[in-house]
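Heads up, the thing below is written out as C-alpha cells.
The values are calculated or read from the model by the stated rules, or taken from the named source; none is laboratory data. Predicted model only: the values in this text are computed from it and were never measured. Backbone-built Cβ (ideal geometry, glycine too); neighbour counts: all protein chains shown.
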Ligand SMILES: CC(C)(COP(=O)(O)OP(=O)(O)OC[C@H]1O[C@@H](n2cnc3c(N)ncnc32)[C@H](O)[C@@H]1OP(=O)(O)O)[C@@H](O)C(=O)NCCC(=O)NCCS
C-alpha cells in the first residue's frame with residue numbers, strides 16, 4: 001500500500017467523492033444512505049465542494065491511497081446563533097478500517113476547528129457503532145444525549161448517541 005495522504009477535497013474531486021459515497025454506502029449500515037449514495041449530480045457536488053472551500057466554518061477532507069479516495073471527513077458550520085458550532089461526518093472504506101485513518105481524519109478536523117473559531121463539534125452516531133464511539137471518545141467527544149429509533153432499517157429500529165467535543 002502506498003502512503004495515505006490526507007488533504008482538502010476540492011471541486012475537482014466531485015466525481016470521485018460521489019463514487020466514494022456509493023462505495024461506502026454499500027459497505028456500512030451506519031450511514032444515512034445506502035449503496036445508492038447521495039442522489040445528487042456531479043455538478044451539484046462540485047458546487048457544494050466549492051462553497052465548502054469558501055466557507056471559513058466548514059471543510060471537506062479526503063484520505064487518498066494514490067489517486068483513490070478511501071476516507072472522507074467533514075465539518076459543516078452552522079449559521080446565526082449557532083455559528084460557533086459545526087457538525088462532523090466521518091467514514092473510511094471497509095478495506096482500510098483499523099489502520100488509524102479515521103483517527104488521522106478526525107485529528108485533522110479537530111485541528112481545523114481550533115484554527116477556525118469553531119467552539120463545539122456535534123455528531124450523531126449509531127449507539128451500537130463501537131469502533132466509531134471508541135474513536136470519538138479517544139479524541140475527547142462526550143455523549144450528551146440519545147435519539148431513540150433514529151434509523152429504521154427494514155423493520156428494525158436503531159438508537160443514536162449525540163456526542164459533543166467542547167473546545168472552549
Ligand atoms: C468509524 C470509522 C470511520 C473508523 O475508521 P478507522 O479508520 O477504522 O479508525 P481508526 O483505525 O483510526 O480507529 C478505530 C478504533 O476503533 C477500535 N475498534 C475497532 N473495533 C472496535 C470495537 N468493536 N469496539 C471498540 N473499539 C473498536 C480500534 O481498535 C481503533 O482504536 P485504537 O486506535 O484506539 O486501537 C470506520 O469504521 C467507518 O467508516 N465506519 C463506517 C461509517 C461510520 O460508521 N462512520 C461514523 C458515522 S458517525
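Here are the numbers:
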item: Every pair of residues 6+ apart whose Cβ atoms lie under 8 Å, when the first sits in the stretch 123-134 and is within 19 Å of residue 74 (Cα to Cα) while the second is within 6 Å of the ligand (Cβ to nearest atom) and part of a strand (DSSP E or B); result: 123/90; 132/90; 132/125; 133/125
item: All positions within the stretch 41-57 that are closer than 12 Å to residue 15 by Cβ, out of contact with any strand residue (DSSP E or B) (no Cβ under 7 Å at 6 or more places or on another chain) and surrounded by 14 or more Cβ atoms within 10 Å (Cβ to Cβ); result: 45, 46
item: Any hit, the stretch 64-86, residues being near the ligand (Cβ under 9 Å from one of its atoms) and either more than 19 Å from residue 23 (Cα to Cα) or surrounded by fewer than 17 Cβ atoms within 10 Å (Cβ to Cβ) (or both); result: no
item: Pairs, first surrounded by 14 or more Cβ atoms within 10 Å (Cβ to Cβ) in the stretch 1-26, second assigned to a loop (DSSP other than H, G, I, E, B) and at pLDDT 95 or above, C-beta under 7 Å, six or more apart; result: 17/9; 23/93; 24/93
item: Residue within the stretch 110-133 that is more than 22 Å from residue 29 (Cβ to Cβ) and either near the ligand (Cβ under 9 Å from one of its atoms) or modelled with pLDDT under 95 (or both) present; result: no
item: Residue 154, sole failed condition from (1) within 11 Å of the ligand (Cβ to nearest atom); (2) without any contact (Cβ under 8 Å) to a residue 12 or more places away in the chain; result: (1)
item: Some residue of the stretch 87-108 being away from the ligand (no atom under 12 Å from the Cβ) and over 14 Å from the mean Cα position of the chain (by Cα); result: no
item: Near pairs, Cβ below 6 angstrom, 6+ apart or cross-chain, from the stretch 86-106 (over 30 Å from residue 119 (Cβ atoms)) to any residue that is part of a strand (DSSP E or B); result: 93/70; 96/70
item: Residue 167 surrounded by 12 or more Cβ atoms within 10 Å (Cβ to Cβ), touching a residue at least 40 places away in the same chain (Cβ under 8 Å), farther than 29 Å from residue 2 by Cα and within 13 Å of the ligand (Cβ to nearest atom); result: no
item: Top-ranked residue in the stretch 114-141 [being in contact with a strand residue (DSSP E or B) (Cβ under 6 Å, 6 or more places away or on another chain) and more than 24 Å from residue 93 (Cα to Cα); ranked as surrounded by the most Cβ atoms within 10 Å (Cβ to Cβ)]; result: 118
